[in-house]
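Each remark here refers to the structure printed beneath this line.
The values are calculated or read from the model by the stated rules, or taken from the named source; none is laboratory data. These numbers come from a predicted model, not from an experiment. As a convention, Cβ positions derive from the backbone with ideal geometry for all residues, glycine included, and neighbour counts pool all protein chains shown.
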Amino acid sequence: MTKPAILLVVAAIATAGLAACSSEPPPVTGTAPVAAPASVTPPVSTAATAAPAYITKKVGERAGISNTDGSTAVEFWVTKISVDPKCSPYASRQAGKHTVLLDVTVKTYIDRDAASGISAFSVLPGLINPFAFSTTGADGVTNQAETDMCADPKQLPSAYAPNRTYTGQVAISTAAKSGTLQLTDGSGLFGPGAHGWEWSY
């Protein structure tokens with residue numbers, strides 16, 4: 001083979017080698033991609049979804065409201081629960097509704113938070129009030145109590161003095177003839193978790 005022929009063969013081999021190299025994938029220059037983590041659902045806060053907690057009371061059992069220093073400001077208790085009592089003259093019970101009549105005793109002590117303007121005494125008229133009650137029937141449905149048009153209850157006072165005992169009645173109207181009666185504290189005065197009290201009727 002002549003020298004020029006040898007040079008042509010070498011050039012051809014070199015060209016083929018370069019072509020082969022160019023078909024290889026480029027070298028990896030970075031780290032391998034990492035798979036994205038699976039989405040994590042944050043835990044649901046039970047504090048926001050939990051139903052209000054009520055303190056269960058029996059008829060005659062006292063419930064207390066404290067001053068901010070921990071001393072007792074007020075005690076109250078239900079002495080009797082009557083369902084569908086006889087209506088007062090010239091009054092009638094709404095169709096499909098039942099009257100629940102509560103006999104209530106309220107005993108007051110010293111209002112140590114009177115100077116603050118918001119105290120157990122100041123919220124008491126709105127607390128022991130027909131509109132603060134709800135009922136839950138055997139079907140598990142809770143309904144806000146409504147104003148009763150049948151009974152003529154003995155009214156509790158609209159203001160309370162210290163060291164006194166008061167008796168009165170609260171009448172509500174509900175679709176549930178029996179179940180649980182809840183009294184809800186909507187003031188927020190008595191701290192977190194203190195949602196109110198409940199009685200079976």
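Between 38, 20, 11, the distinction of being farther than 30 Å from residue 147 by Cα and either surrounded by 10 or more Cβ atoms within 10 Å (Cβ to Cβ) or modelled with pLDDT of 50 or more (or both) belongs to 11 only.
Tell me which residues, restricted to region 161-183, are in contact with a Leu (Cβ under 9 Å, 6 or more places away or on another chain) and surrounded by 15 or more Cβ atoms within 10 Å (Cβ to Cβ). Correct list: 166, 168, 169, 170, 171, 172, 174, 181, 183. Filtering region 98-152 to residues that are within 16 Å of residue 171 (Cα to Cα) and among the charged types (D, E, K, R) leaves 103, 146, 148, 152.
Only one entry of 161, 138 meets the criterion of being small (Gly, Ala, Ser), out of contact with any helix residue (DSSP H, G or I) (no Cβ under 7 Å at 6 or more places or on another chain) and more than 15 Å from residue 74 (Cα to Cα), and that entry is 138. In region 89-110, the residues that are over 23 Å from residue 198 (Cα atoms) and among the charged types (D, E, K, R) reach residues that are surrounded by fewer than 17 Cβ atoms within 10 Å (Cβ to Cβ) and at pLDDT below 95 with C-beta atoms within less than 8 angstrom, at least six apart or across chains, in these pairs: 93/149.
Applying the criterion of being among the hydrophobic types (A, V, I, L, M, F, W, C) and not in a strand (DSSP E or B) to the residues of region 81-109, the residue that is surrounded by the most Cβ atoms within 10 Å (Cβ to Cβ) is 87. None of 74, 78, 59 is more than 13 Å from residue 174 (Cβ to Cβ), surrounded by fewer than 19 Cβ atoms within 10 Å (Cβ to Cβ) and either modelled with pLDDT of 95 or more or not small (Gly, Ala, Ser) (or both) except 59.
Candidates 173, 178: the one that is closer than 23 Å to residue 81 by Cα, hydroxyl-bearing (Ser, Thr, Tyr), in contact (Cβ under 8 Å) with a residue 24 or more places away in the chain and touching a helix residue (DSSP H, G or I) at 6+ places or on another chain (Cβ under 9 Å) is 173.
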